[in-house]
Structures are given as structure tokens and as C-alpha cells.
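Data first, discussion second: the structure below is written as C-alpha cells.
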Amino acid sequence: MDNEKIEKSCATCEFNFGNVCAGYGTRTDNGRETYGMPMEEAEKMFPTGCVDYGISLEAFIEQEKMNGR
């Protein structure tokens, strides 16, 4: 059985609240720690997810389906 993983991104993150990212991370533009920002800005700054990334419920369910569970 494959053990496929959903790709880390803002689109699959539990901290994606639609227009707002409620996650924590170190900004790539100035190295400062940040908590929360507009989703559009977060997607540009953290294209592969930030250190606070956690898989959303929807993405987790999709991952389980891909792995036949």
C-alpha cells in the first residue's frame, strides 16, 4: 500500500481561515517571527508550509482516501 502524503501548503493547512492565516512562522522577507497574516501574503511567503503547519481535517481525510483507509 502506498503511503502518499498531501503536499504541505497553505491550502492544506489547519490554520487557513479563508482570508486569514492563523499560524505562526518566521517571515522569509525579514526574519521576524509572525503570528497571523492575510492568506494571500502567507501563500507567497510559505509556499511549502511554515513551521507551524498542521494538516487540515479535509486534507487529512483526502490523504486517508488516497492510502485506501
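The values are calculated or read from the model by the stated rules, or taken from the named source; none is laboratory data. Just so it is clear, the model here is predicted, and its values are computed rather than measured. Cβ coordinates were reconstructed from backbone atoms using ideal geometry, including for glycine residues, and neighbour counts include every protein chain displayed. Note: areas computed on protein heavy atoms with side chains; ligands, DNA, RNA excluded. Shrake-Rupley method; radii C 1.70, N 1.55, O 1.52, S 1.80 Å.
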Exercise. Applying the Karplus parametrisation 6.51 cos²θ - 1.76 cosθ + 1.60 with θ = phi - 60° to the phi angles of the range 47-57, what ³J(HN,Hα) value in whole Hz is obtained for each residue in order, glycine and proline being reported as x?
Worked result: x, 10, x, 9, 5, 8, 4, x, 5, 6, 4
Seminar exercise, completed: With the 8 Å Cα cutoff and a minimum separation of six or more residues, the chain has a relative contact order in percent of 43 percent
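So what's the net charge close to ARG32: Lys and Arg +1, Asp and Glu -1, counting the other residues with Cβ under 15 Å from its Cβ?
Details: positive: ARG27; negative: ASP29, GLU33, GLU41, ASP52.
That works out to -3.
Arrange the residues PHE46, PHE17 by how much accessible surface each exposes, largest first, with a 1.4 angstrom probe. Please report the intermediate quantities before stating the final value.
On the way: PHE46 20, PHE17 135 Å².
Accessible-area ranking of PHE46, PHE17, largest first: PHE17, PHE46.
In debye, nearest 20: dipole of the range 20-67 around its Cα centre with unit charges on the Cβ of K, R (+) and D, E (-)? Show your work: numbers first, answer last.
Values: 4 positive and 9 negative charges, 26 e Å.
Magnitude of the dipole: close to 120 debye.
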